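The block underneath contains the structure these notes are about, expressed in structure tokens.
The values are calculated or read from the model by the stated rules, or taken from the named source; none is laboratory data. Note that the structure is predicted; figures quoted are calculated from it, not measured. Counting neighbours? That spans all protein chains shown, and the Cβs are built from the backbone with ideal geometry, glycine included.
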Amino acid sequence: MTRDLSRLLRPRSIALFGGGWAVNVVAQLKKSGFDGEIWPVNPKRADILGVPCLASIEDLPSAPDASFIGVNRDATIEVVEKLSAMGAGGATCFASGFLESEAETAGGAELQARLIAAAGDMPILGPNCYGLLNYLDNVTLWPDQHGGVPVDSGVAIVAQSSNIAINMTMQARGLPIAYVVAAGNQAQTGASAIAEALLEDDRVTAIGLYLEGFGDLRALEAFAAKARIKRKPVVAIKIGRSDKARAATMTHTASLAGSAAAGSALLRRLGIIEVETIAVFLETLKLLHMIGPLPGASVCSVSCSGGEASLMADLSGGTLIDFAEFEPGQRTALKAELGPIVTIANPLDYHTFIWGDTPRMTRVFSTVMQGSFDLSVFVLDMPRADRCDPSGYQCAVDAILAAKAATSARVAVLASLPENMSDHFTRAFMEGGVAVLHGMSEGIAAISAAIAAGSLDREVPQPLVLATEAAGPSSMLSEAASKQALAAFGLGVPRSVAARSVADLMDQTSGLTFPLALKGTGVAHKSEAGLVALNIADKAGLEAAALGMQGAAAGFLAEEMIVGALAEVLVGVTRDPTGAFMLTLGAGGVLTEILGDTASLLLPAGRSEIMLALKSLRIAPLFAGYRGKPAADREALCDAVLSICLYAAAHADRLVELEVNPLIARAGDAVAVDALIRLTDAE
């Protein structure tokens, strides 16, 4: 169900319920200059900070657009029910003790169900939630201090942690923040629904998500699709990479964090740029607000120090940044201005010969900006005003701004240390259309993220394959049954026979062609248990191998050996706690764990995605032919992976995990020599 959040996000009337926390909200509303109606409801007070109090909810002059509910959890449900009945626009629920604390406090789940029922069609934020800040319209429905200021346009941030949200508002990086909305434990209105509503405000330039859990994946897909259509970039931090972080997430927001690999694959699929730190998150949003996604990776770095130029080059390794060479005309013009001592290269160290000569610096900077670079970056750390005199650096500021005005290029100034660019100079640059990046590492990461944002496919991906129910008790199919099931979907498997005893094995293998592989069944990791024998040349060798295994094996599986292997590939499909299915491709065989060479996608995965994932593996050179060996049939390899994906999608209602390891890539085909499938038990 889609709820209208417009009144809640942009209210003209606000009701407040509670004592001390409601007092804090009134203080923030008055401080921000909110010019709408403020209606505190408190029978024990005549007024709050000079604003007259109403004795009860029934005394409200009309249904409020937004409400802050700062009472205990039981009273919260009563207030929400009455607000919904009178047609209020929405409410933020401050109280905790709902589903997020079920592990510690019994009854939280039942209370949350009652809260959702009480709200009905009225949108609510939280519970366990601070509320919202709308710096575009001076709406500070927030029970604590915050660091934001009024803006005409800016980025919107949705956070599942109210405290992280507060920290972000305290930034001194010059980021224009339009909205901050705390989602709490998303009992009714999830972070995706909030973000989708914020997209509708034309004053919002980009969206930032601080996610502890994904919640409703279909809602996230819908939001991401709308963001693509509106061409508004989205940046996210997704926590929960460690076991402890995932446990903390469950107790904090009642959200399943899911695996880190699946989370990254999901964000990548949806066109959401993932970053790892708050600093990079804010810097990326700032760059996207000022300049937008970059159309390409060509970047020029300009500084007056060889050390800065070298650091820029070193720290950009492994990113998407391409320090392309200057064009011939630029090289000539720069050489004429800078003289024979300066080497014209990118990153450019222009030395200090021209420092203080603002017209000459302007000509040099203009020449750089007139090239075909997607972004020109000027490394500049300003002296601290409390101990030094920054006026000696004004020449660089003036030259950069003048060159920007003359060329209309995409330009950023980057301070190697965040504290070395004051608010005064940050504002001056941003008013001149120059983005300011605080911190070299953070700035480089932000530039790479903006490049990634510019390279996104604008097509909306297919809907995710999702499990309809949580996984219950499950059982593992035998290797033979697993292969038979996958073969029905087109996967190549060796000819084989299954037997319960050594005698039965010797009788049934007469139709197979040696050499054979023999596996003892009933054990998941057969190699470690000594239950795999390869390259068996004849019946005598087969019988000897079987007799050696019979004490540990429940049965036997004999297969024709697959010869001509060029590469061994792992193909796995696992059900993530979020309900999505993650496809893992990697180096297979006995070296799987040692190499740790994998790529992850979510289902459904198309041929082009699978081919790119295979190409990204460190073992990819084996597919092309290595040291005189022929190339593997990559199309056949991809066909095999697609067959496995088709099986997984067809059995999404019961599939828990599936692994083919190894899938043998050969010159003409791809064959699965081991497979295991785990399904939930049928009712």
Exercise. So which of A636, A620 ends up being at pLDDT 95 or above and either under 27 Å from the mean Cα position of the chain (by Cα) or in the same structural domain as D576 (by TED's automatic domain parsing) (or both)?
Worked result: A636
Problem set entry | the range 389-431, residues that are closer than 15 Å to I291 by Cα and of a type in the set (F, W, Y) | F429
Exercise. Just checking, how many residues over the range 594-618 are of a type outside the set (D, E, K, R), surrounded by fewer than 21 Cβ atoms within 10 Å (Cβ to Cβ) and touching an Asp or Glu at 6+ places or on another chain (Cβ under 7 Å)?
Worked result: 1
Problem set entry | Flag if R10 is under 37 Å from the mean Cα position of the chain (by Cα), surrounded by 15 or more Cβ atoms within 10 Å (Cβ to Cβ), of a type outside the set (V, I, T) and at pLDDT below 95 | no
Problem set entry | Matching residues, the range 25-41, being assigned to a strand (DSSP E or B) and aromatic (F, W, Y) | W39
Seminar exercise, completed: Picked from the range 499-522 (must be surrounded by fewer than 17 Cβ atoms within 10 Å (Cβ to Cβ) and within 51 Å of the chain's Cα centre (by Cα)), the residue modelled with the lowest pLDDT is G522
Exercise. How many residues, within the range 247-283, are within 15 Å of the chain's Cα centre (by Cα), modelled with pLDDT under 55 and not hydrophobic (A, V, I, L, M, F, W, C)?
Worked result: 1
Problem set entry | Given (1) in contact with a Ser or Thr (Cβ under 9 Å, 6 or more places away or on another chain); (2) in contact (Cβ under 8 Å) with a residue 40 or more places away in the chain, number of the condition A487 does not satisfy | (2)
For this session: Go over the candidates V80, V139, V155 one by one and state the one that is touching a helix residue (DSSP H, G or I) at 6+ places or on another chain (Cβ under 9 Å) and farther than 29 Å from D202 by Cα.
Result: V80
For this session: Select from the range 267-291 the residues that are touching a residue at least 60 places away in the same chain (Cβ under 8 Å) and not in a helix (DSSP H, G or I) and write down the one among them that is surrounded by the fewest Cβ atoms within 10 Å (Cβ to Cβ).
Result: T277
Seminar exercise, completed: For the range 42-65, the count of residues that are in a loop (DSSP other than H, G, I, E, B) and under 12 Å from K82 (Cα atoms) equals 4
Seminar exercise, completed: Per the filter on the range 605-660, residues part of a loop (DSSP other than H, G, I, E, B) and either touching a helix residue (DSSP H, G or I) at 6+ places or on another chain (Cβ under 7 Å) or of a type in the set (D, E, K, R) (or both) are A605, R618, R627, K629, A631, A632, D633, D653, R654
Seminar exercise, completed: For the range 21-49, pairs from a residue that is in the same structural domain as A75 (by TED's automatic domain parsing) and polar (S, T, N, Q) to a residue that is buried (at least 21 other Cβ atoms within 10 Å of the Cβ) and in a helix (DSSP H, G or I), with Cβ under 9 Å and 6 or more apart or across chains, are N42/A22
Problem set entry | The listed residue being over 18 Å from M312 (Cβ atoms), more than 37 Å from the chain's Cα centre (by Cα) and surrounded by fewer than 23 Cβ atoms within 10 Å (Cβ to Cβ), out of S408, S391, S372 | S391
Exercise. A85 fails exactly one of the following numbered conditions: (1) among the hydrophobic types (A, V, I, L, M, F, W, C); (2) modelled with pLDDT of 95 or more; (3) surrounded by fewer than 15 Cβ atoms within 10 Å (Cβ to Cβ); (4) closer than 23 Å to G184 by Cα. What is the number of that condition?
Worked result: (4)
Seminar exercise, completed: Taking the range 425-480 and the residues there that are of a type in the set (S, T, N, Q) and buried (at least 18 other Cβ atoms within 10 Å of the Cβ), the one that is farthest from the chain's Cα centre (by Cα) would be T426
